[in-house]
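Notes to accompany the following structure.
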Amino acid sequence: MAKLIIDGQEVDVPPEYTLLQACEAAGAEIPRFCFHERLSIAGNCRMCLVELKGSPKPVASCAWAVRDCRPGPNGETPVVNTKSLMVKKAREGVMEFLLINHPLDCPICDQGGECDLQDQAMAYGMDKSRYVENKRAVEDKYIGPLVKTIMTRCIHCTRCVRFATEVAGVPELGAIGRGEDMEITTYLEHAMKSELQGNVIDLCPVGALTSKPYAFQARPWELIKTESIDVMDAVGSNIRVDTRGREVLRILPRTNENVNEEWISDKTRFVWDGLRTQRLDKPYIRENGKLRIATWSEAFAAIAARVKRAGPDKTGAILGDLVSTEEAFAIKDLMTRLGSANIDCRQDGAALDPSLGRASYLFNATIAGIEEADGLMIIGANPRREAPVLNARIRKRWRAGDFKIGVIGEQADLSYDYTYLGAGPETLATFADHKEAKLQKQIWLIGQGVLARPDGAALLSMVAKAAVSAGALKDGWNGFSVLHTAAGRVGALDVGAVPGKGGKTAAEMAKKKALDVVFLLGADEIEIEPGAFIVYMGTHGDRGAHRADVILPGAAYTEKSAIYVNTEGRPQLANRGAFPPGDAREDWAILRALSDVMGVKLPYDSLADLRRSLVAAHPHIGKLDQIVPADAGDVKKLASLGGKTEKTPFKSPVSDFYLTNPIARASATMAECSALAAGKAREAAE
């Protein structure tokens, strides 16, 4: 540790700290525009100037290391002042320079109210400028349908450039020109390709980069802010939902170092317009081939009559990808009370089974654990499309160096270098009896492209065998890691929403005349063959609603309080930000009311009662934001199962990142992004 005297207070800080970090550790507030904790140091803006005793001029605290501070002539401790007259004058001078060309846009700027430049101008701005020359104007750039540019406001802090290059791994932004002619641009003015590009909106300290879909929608002080959890993938990114009245107007990231740091994907950030279009807001019943609006009583009576006629063996339920843990528990309870073993949360047919132990379907190495790993094998997955935030974490570890990455499956641009080993099971088989690798902490990342195949169970066992042989399981480390794509999958597996003894899987239930009544709880990604009476509980008029005989309108993830368990097995609480439209209700409440009509009343009248029952049956789900480690012995048992595999190459289940669920498919913004991405893919192919 190194000693410093900051504003008269002696502090001990690590020598690798910058002066800015040391000053903040001492409780001093340092203004900054270009410095960001997760990006490299640029030292562009000079707003963080401090006085270092012995230095002839102020120093940029973000770029000056503590170890570079020299002691006084008699070995005195280095002295730093952050509040002296010299510092105040220097910062006021920097602010005056920054505002020479900045337009007076605050009344019409979307950054107004949460703008770093506004805030710091209040502290260090002058009431008049000494510069009377014409202000410089810069042409706005087109960088895609998500980020709006007003480049005259740009102060050249280069945060966006560093983010695109370092975090996103898509080095498309940069500076051209010098001095007064310098501009931040994409060179050829094409749309950015990154799935994380929306994060530059949060990083921009002025109004140069703002949200295009949110433009002129609201002011920050008009919005009600609710902490929630994202369901667009299985990472469980922490988000903040901003609402005005009944409408969600934007979604922003919340910092959680163990999950998403402070980034979110573009789908997470911009899908909110899909929450208000194509919504189901009334119950419907199909009569003479056409759907008509019905009352809840009519809908429940029709369902109860059909279930009674069908009997338990001919009744089943398929759970969708966005189902919360409470809903999965409630529908499992309902099916049990009806006497039906036909329930499945794996609508894609993934070969995951809770009876094999939690370690067989969790990302056991944890998301934060990626930074501790020294080797990664990606099997049948494209993390950049399936979990962009997790992919950014992999890239972060790769940039730190000494990290071996191998890929078996599709050869895709993952934003980092890797060794391509092969396309399918034949390559994987060569690792089944591999000698132990000279690595301390390996991760074997298994994608749904491996599991959602007829030979998925055999492949899962083969990966487990390879991981055990290569030494991925050691004391305190379990590198066997399943990457899920569905936000509700782990929670549903935890509560046992899979077929019971003699029960049918989702694929079997979907076959012609396999069942008489099928409940689809937000299940839109599976095709049910004609013959069954379909009850669809969901939010949007998507695929599931199109083939339903009865539609029961549910609540979207921003409209209910719910627990979601992410891919690493971390239960997290999503809070309600808005209310469902029209007559729509929360799914657990629909199931509770329906059970009463069917004569198998569920024993909980409130969400609190339901949660008590859930936690009593599955205690680990009650430990919010904590990961209860799974037994590594389950992976060793899984390795011994074996099975016959096919030769088909692995393929990622996510072909279109922007349209993976009903909410995204209802979003005009996501449709535009999808069309743009498809056009780029065609250009690349040509």
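When segment 615-637 is filtered for residues that are under 21 Å from Val235 (Cβ atoms) and either open to solvent by 70 Å² or more (accessible area, probe 1.4 Å) or in a loop (DSSP other than H, G, I, E, B) (or both), the ones remaining, listed by number, are Lys623, Leu624, Asp625, Gln626, Ile627, Val628, Pro629, Ala630.
Inspect segment 149-159 for any residue being open to solvent by 20 Å² or more (accessible area, probe 1.4 Å) and farther than 18 Å from Phe35 by Cβ and give the result as yes or no. Yes, that holds for at least one residue.
Identify all residues within segment 55-71 that are surrounded by fewer than 21 Cβ atoms within 10 Å (Cβ to Cβ), in contact with a strand residue (DSSP E or B) (Cβ under 8 Å, 6 or more places away or on another chain) and either part of a loop (DSSP other than H, G, I, E, B) or among the acidic types (Asp, Glu) (or both); write none if there are none. Within segment 55-71, Ala63 is the sole residue that qualifies.
Filtered by the rule that a residue be within 18 Å of Tyr124 (Cα to Cα), out of contact with any helix residue (DSSP H, G or I) (no Cβ under 8 Å at 6 or more places or on another chain) and of a type in the set (S, T, N, Q), segment 13-63 gives a lone residue, Asn44.
Kindly indicate whether Ser595 is open to solvent by less than 40 Å² (accessible area, probe 1.4 Å), within 25 Å of Leu249 (Cα to Cα) and small (Gly, Ala, Ser). For Ser595, the condition - open to solvent by less than 40 Å² (accessible area, probe 1.4 Å), within 25 Å of Leu249 (Cα to Cα) and small (Gly, Ala, Ser) - is not met. Counting only residues that are in contact (Cβ under 8 Å) with a residue 12 or more places away in the chain and in a helix (DSSP H, G or I), segment 94-107 holds 5 of them.
The selection criterion, being in a strand (DSSP E or B) and either in contact with a strand residue (DSSP E or B) (Cβ under 8 Å, 6 or more places away or on another chain) or free of Cβ contacts under 8 Å to residues at least 24 places away in the same chain (or both), does not hold for Arg269. Considering segment 108-143, and only residues there that are among the hydrophobic types (A, V, I, L, M, F, W, C) and in a loop (DSSP other than H, G, I, E, B), the residue that is surrounded by the fewest Cβ atoms within 10 Å (Cβ to Cβ) turns out to be Val132. For segment 418-447, the candidate set comprises residues that are in a helix (DSSP H, G or I) and either of a type in the set (Val, Ile, Thr) or open to solvent by 80 Å² or more (accessible area, probe 1.4 Å) (or both); within that set, the residue that is nearest to Gly169 (Cα to Cα) is Thr427. Quick check on Arg244: is it out of contact with any Phe, Trp or Tyr (no Cβ under 6 Å at 6 or more places or on another chain) and either modelled with pLDDT under 95 or more than 17 Å from Ala486 (Cβ to Cβ) (or both)? So Arg244 passes the test.
Kindly establish whether Ala301 is without any contact (Cβ under 8 Å) to a residue 60 or more places away in the chain, open to solvent by 40 Å² or more (accessible area, probe 1.4 Å) and either part of a helix (DSSP H, G or I) or in contact with a Gly (Cβ under 6 Å, 6 or more places away or on another chain) (or both). Against the criterion (without any contact (Cβ under 8 Å) to a residue 60 or more places away in the chain, open to solvent by 40 Å² or more (accessible area, probe 1.4 Å) and either part of a helix (DSSP H, G or I) or in contact with a Gly (Cβ under 6 Å, 6 or more places away or on another chain) (or both)), Ala301 does not qualify. Of all residue pairs spaced 6 or more apart or on separate chains, none has beta-carbon atoms under 7 Å together with a first member in segment 74-93 that is in contact (Cβ under 8 Å) with a residue 24 or more places away in the chain and within 25 Å of Gln118 (Cβ to Cβ) and a second member that is surrounded by fewer than 13 Cβ atoms within 10 Å (Cβ to Cβ) and polar (S, T, N, Q).
I'm checking my understanding of the structure. Among residues of segment 35-54 that are more than 24 Å from Val167 (Cα to Cα) and of a type outside the set (A, V, I, L, M, F, W, C), which one is surrounded by the most Cβ atoms within 10 Å (Cβ to Cβ)? That would be Glu51. The residue that is nearest to Asp230 (Cα to Cα), counting only those in segment 307-359 that are in a strand (DSSP E or B) and hydrophobic (A, V, I, L, M, F, W, C), is Leu319. The condition of being within 26 Å of Asp344 (Cβ to Cβ), in contact with a Ser or Thr (Cβ under 8 Å, 6 or more places away or on another chain), among the hydrophobic types (A, V, I, L, M, F, W, C) and crowded, with 18+ Cβ neighbours inside 10 Å holds for only one of Val450, Val482, Val463, that being Val482. When both residues are 6+ apart or on different chains and their Cβ atoms are under 6 Å apart, which pairs have a first residue that lies in segment 416-428 and is more than 23 Å from Ala458 (Cα to Cα), and a second that is assigned to a helix (DSSP H, G or I) and modelled with pLDDT of 90 or more? The qualifying pairs are Tyr416/Arg395; Tyr416/Trp398.
Could we say that Ala675 is in contact with a Phe, Trp or Tyr (Cβ under 8 Å, 6 or more places away or on another chain), open to solvent by less than 70 Å² (accessible area, probe 1.4 Å) and closer than 22 Å to Asn382 by Cβ here? In short, no.
Of all residues in segment 530-543, none satisfies being modelled with pLDDT of 90 or more, open to solvent by less than 10 Å² (accessible area, probe 1.4 Å), in contact with a Cys (Cβ under 9 Å, 6 or more places away or on another chain) and of a type outside the set (S, T, N, Q). State the number of residues belonging to segment 192-234 that are surrounded by 15 or more Cβ atoms within 10 Å (Cβ to Cβ), in a loop (DSSP other than H, G, I, E, B), touching a strand residue (DSSP E or B) at 6+ places or on another chain (Cβ under 9 Å) and among the aliphatic types (A, V, I, L, M). The qualifying residues number 6.
For Ile563, the conditions (1) open to solvent by 30 Å² or more (accessible area, probe 1.4 Å); (2) at pLDDT 95 or above are fulfilled apart from (1). Which of the residues belonging to segment 407-457 are charged (D, E, K, R) and over 18 Å from Gly479 (Cβ atoms)? The answer is Glu410, Asp413, Asp417, Glu426, Arg453, Asp455.
The rows are residues; the columns are (1) outside any strand (DSSP E or B); (2) surrounded by fewer than 24 Cβ atoms within 10 Å (Cβ to Cβ).
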residue: Met377; (1), (2): no, no
residue: Ala392; (1), (2): yes, no
residue: Lys396; (1), (2): yes, yes
residue: Ile405; (1), (2): no, yes
residue: Glu410; (1), (2): yes, yes
residue: Tyr416; (1), (2): yes, yes
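Against the conditions (1) under 30 Å from the mean Cα position of the chain (by Cα); (2) surrounded by 15 or more Cβ atoms within 10 Å (Cβ to Cβ), His102 satisfies every one except (1).
The values are calculated or read from the model by the stated rules, or taken from the named source; none is laboratory data. Please read these numbers as outputs of a predicted model, since none were measured by experiment. Cβ coordinates were reconstructed from backbone atoms using ideal geometry, including for glycine residues, and neighbour counts include every protein chain displayed. Keep in mind that these areas ignore ligands, DNA and RNA; they rest on the heavy atoms of the full protein, side chains included. Shrake-Rupley method; radii C 1.70, N 1.55, O 1.52, S 1.80 Å.
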